[in-house]
Each structure stands twice: as C-alpha cells, then as structure tokens.
Amino acid sequence: MKKVCLLASSLLLATQTLTFAQNSVEVSTPTAKPKHEIAFDLGAFTTPIMSKNYYGVNFDIQYYPKQKWATGVSFSVAQHKISNPAGYSAQKPVLGYYEIAWANQYDLVQKDKFRLGFNLNNGVVVGRLGDNANQEKYWTQYGYSKSPKKVAANYFYMLAAGLEAAVKVYSHNHYPDVYVTSKAQYRWTFGDARFGTARDFSGYYVGVGVALIGFTDDEK
C-alpha cells in the first residue's frame, strides 16, 4: 500500500511539474502583431492634356491596414501655356491641372528590397483655364501669393489604374526605409466640359519619385 501511495504521489508531482513548465514556456513566448506601415511618396510626373505634355509634381500618403494592401490620398499638380479655347479669351492663357484621388494599392510583390503593386485611384480632375496677364492675390500662412486669374474650369470624375515599382536604396531599421519609385497609369475622365472634352483630359500618367516607407514595424 505504501508503494502504491508513493507511486501515485510521484506521478502527481511529475504531472504538476510538467504542466507548470509548459505554462511557463507558453507565457514567455512572444506574440508578433502584423505590420501597419505608412508610406510617403514625393515625385514628378508627365501626362498629356489637350494635346500637350504636362510636367508636374505628385504627393501620395498611404496607410497599410493589411500587410499588402494600402489606402490613402494622392495629389498631382501641373501647369502649361496653351492657346485660347473656343469661346474664351485671355492675353496669356495657361491651363492648370489638379488631380485629387482616393488611392488604393495591392502589392503583388513585397520583398525586402523590391515591391511591385497594382493601384486603382478614383477622384476628381480639375482643369483651370487662367490668364497669366492678370494675377489674383490670395492669402496663405506665409503671406500673399498670386495665381493666374480664373477664366473657366472643368470638373471631371477620374478613374485611373496602373502599376508602381519601388526599389529600396537605404534602410534605417524600417523607421523609415527609403525607396526610389516609378509608376505608370492610364486615366479615364468622365463629365461635361466647358472647354475641350473629357477625352482631352484622359491619357497615360508616368512618374518617378522618392518614398519613405515604414515608421511602424512588427511589435513583439
């Protein structure tokens, strides 16, 4: 009887010791949370507007709620001299191009030093016809500034799709990493025009830039 009790006590003690050891291992194992990156992209682009090649600047800011899916906003601005559209007159006509879009991107490839993503943007395109001979003043936080006086404006709904590639050129523990980017899109515009047509504001969009990607990383 004593031997049975001793054996039972030994088995019970061994079971408790093993359970305690397993619990200790489970508690000490770190849990990884998924990435939630932020990306800032500043660059230059070219696109045809009313049969002329425009060159401008672009700024994107996006957040990754999922590892490969990013969403955010995109801004593009350009300006070019043009001839007077039918029905309008200006001494020095210029056309300003403004694009504001909700940007969504899915990374088809996401390696340590290279990314390739498919993007789909939708938003608003504004074509502002102005007269550079007559300047309008407006107030900014840095003081007064001037812009060509408005003659007429077109407002279109825009849908754009394309690809964006990014190559890492500098790493700082992902806080953030620096990438050189290039993008190629095609833009469709829809709506009524006061001058020209919606088709005059559709076309390819090609850009290059520098992006900061990271700021947040896996949390242990």
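Rule-based calculations on the coordinates, nothing more; no lab input. Computed from a prediction, not measured in an experiment: that's the story for all the values here. Please note: Cβ atoms are built from the backbone with ideal geometry, for glycine as well, and neighbour counts cover all protein chains shown.
Placing dummy labels 7 Å off each Cα toward the beta-carbon, the span from Q110 to A152 is 4.6 nm. Segment 97-220 gives an Rg/Rh value of 1.10, both radii derived from C-alpha positions and Rh following Kirkwood. Packing, taken as the mean count of other beta carbons within 10 Å per residue, orders the peptides 38-48, 59-69 from highest to lowest as 38-48, 59-69.
Near M158, once Lys and Arg are set to +1 and Asp and Glu to -1 for all other residues with Cβ below 11 Å from its Cβ, the sum equals 0. The stretch between K52 and A86 holds 10.6 nm of extra length on full extension. This uses 0.36 nm per residue minus the Cα-Cα distance. Segment A44..A184, full-extension length gain: 49.2 nm, with 0.36 nm per residue of separation and the alpha-carbon distance subtracted. Once both labels are positioned 7 Å from their Cα atoms along Cα-to-Cβ, the gap between K137 and Y175 label points is 4.7 nm.
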